[in-house]
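> Below is one structure. I have some questions about it.
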Amino acid sequence: MSLKNDSLNRRMDGSSGSPNSGEPVFLVIGRLRRPHGVAGEINMEVLTDFPERIRKGAVLLVGESHRELVLESARPHGKGILIRFAGINDPETVGLLRNELVYKAAANLPKLPADEYYHHDLLGMQVFLENGQKLGVLREIIETGANDVYQVETEDGKEVLLPAIESVIMEINTDEGRMIVRLQEWL
């Protein structure tokens, strides 16, 4: 099982967290930093596991208003990438986008292979023990070096941390919004 992160979920109102029912989900893929050169390029900090999807012709959503801009070019630069949007050809105009977040609509993300999940697919899932007893709701995914850790909030408001490993996470059903887990003695 592996997770793919396209960073934060964002709601239509710009706040983070799970969307209201039927509301589109926007995922942060980068943050615009500073203009570069005189041709309208801007440095973008990459906040996605899929930087290869940031390429010419992609429609990106910029800022809290989700302004649609077409990517004219993208190239690696240091720890980020330099991008240029169609119709923006000078540093002054592109500089107005400084510090804005860059989003993609979750509906436009490619399907993942079996046993791979986007974070937004799991957050809010109902978590059950093997015997059918409800444990709680998956509230947060903590990324660690070895494996991710799922933070589950129990019905009485307590926190249970579960390592995202095969011996603990028995089943994930995104269609039903359910996860079945096996608590280990060492938990």
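The values are calculated or read from the model by the stated rules, or taken from the named source; none is laboratory data. A quick note: this is a predicted structure, and the numbers were derived from the prediction, not measured. Here Cβ is always computed from backbone atoms with ideal geometry, including for glycine, and neighbour counts include all displayed protein chains. In case anyone asks, the SASA skips ligands and DNA or RNA and just uses the protein heavy atoms, side chains included. Shrake-Rupley method; radii C 1.70, N 1.55, O 1.52, S 1.80 Å.
> Counting pairs of Cα atoms in segment 20-119, how many percent are more than 19 Å apart?
Values: 1961 of 4950 pairs.
I get 40 percent for the Cα pairs in segment 20-119 exceeding 19 Å.
> Could you work out [θ]222 nm for the chain from helices alone, using -39500 (n - 2.57) per DSSP H run of at least four and dividing by all its residues? Round to the nearest 500 deg cm²/dmol.
Working: 2 runs with 9 residues, N = 187.
Helix-only estimate at 222 nm: -1000 deg cm²/dmol.
> Take the Cα coordinates of segment 95-187, assign each an equal point scatterer, and use the Debye formula without solvent to give log10 I(q)/I(0) at q = 0.14, 0.22 Å⁻¹.
With no solvent term, the Cα-only Debye profile gives -0.57, -1.16.
> Taking N as the number of residues in segment 33-187, what value does Rg over Cα atoms divided by 2.2 N^0.38 Å take?
Details: Rg = 20.3 Å, N = 155, 2.2 N^0.38 = 15.0 Å.
It is 1.36.
> Additional query: Give the whole-number value, in cubic angstrom per residue, of the convex hull volume spanned by the C-alpha atoms of segment 47-88.
Working: hull volume 3.4 nm³, N = 42.
Taking the convex hull of the Cα positions in segment 47-88, it is 82 Å³ per residue.
> Using the heavy atoms of the protein chains and a 1.4 angstrom probe, tell me the accessible area per residue for the chain in square angstrom.
That works out to 55 Å² per residue.
> Now a separate question. Please pull out the direction-averaged projected area of segment 65-131, using the convex hull of its alpha-carbon atoms, in nm² to one decimal place. Can you show the working numbers first?
Details: hull surface 31.4 nm².
Its Cα hull, projected and averaged over all orientations, spans 7.8 nm².
> Could you identify which residue out of 114, 106, 39 has the top mean-square fluctuation in a GNM of the chain using Cα springs shorter than 10 Å?
Most flexible of the set in this elastic network: 114.
> Just 66, 77, 119 to compare: in a GNM of the chain, with alpha carbon springs under 10 Å, which one fluctuates most?
Most flexible of the set in this elastic network: 77.
> Sum up the lysine pairs in the chain that clear both bars: alpha-carbon distance under 16 Å and a spacing of 8 or more or different chains.
For the chain, qualifying lysine pairs total 4.
> How large a share of the accessible area of the chain, in percent, is made up of carbon and sulfur atoms when the probe is 1.4 Å and the other protein chains stay in place?
Carbon and sulfur: 46 percent of the exposed surface of the chain.
> Taking K and R as +1 and D and E as -1, what net charge do the other residues with C-beta under 13 Å from the C-beta of residue 140 add up to?
-3
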